[in-house]
1. ARG63: net charge of surrounding residues, Cβ under 11 Å, Lys/Arg +1, Asp/Glu -1, itself excluded?
2. What nm distance separates the two modelled labels at LEU105 and ARG93, each placed 7 Å from Cα along Cα→Cβ?
3. What does the highest-first list of 121-134, 60-73 look like by mean Cβ count within 10 Å?
Amino acid sequence: MNKLILQKRKAAFLLLTIVTLSFAACKVQLISAYDANIHTQITTTTTNIDSFYTQMLATTSSRDSSRAYAKFASAYADIEVQLRTLYNINSTRAKNAQQDTICKLTLSQWIKYEAMHKTNGTLKDFQITLNRDFMLAKMQAMEVSERAKTLGVSQASTTNP
């Protein structure tokens, strides 16, 4: 009887050891890995958006034709291409739904702001400020989403000697 109990304990211990080791060896990745190139592209696009609106606000006036849409169409297109590239890259990355959504919403809003400028022919100072602030907030969300992917890597490297 004692021999049977001893065998059951050994079997249970062996099973527990196998299960513990298998869980320890597993690495579950719930989000895509950090990509320094994408982070750089996000930062570059953010700078371009900020520069676009800041220059428009500082060097033009809504009282004359200096803010006419036609004068900014090329810059709108350049930034749209950058945002579309970010969206395309992020939409093809596995386990990247949050950042994919942020990119899609940011691109969509940029297109709406361009259409508003094109339709109205000009923008008022407060519109430029609001557009810039909203776009920069979206870009910041995109950057935070990418940087958050480094947290698991940093924690894993500090916990595993």
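Each value in this text was obtained by applying a stated rule to the coordinates, not by laboratory testing. The structure presented is a predicted model; accordingly, all values stated were derived computationally and were not measured. Positions of Cβ are generated from backbone atoms using ideal geometry, with glycine treated the same way; all protein chains shown enter the neighbour counts.
1. 0
2. My value for the distance between the label points is 1.7 nm.
3. 121-134, 60-73
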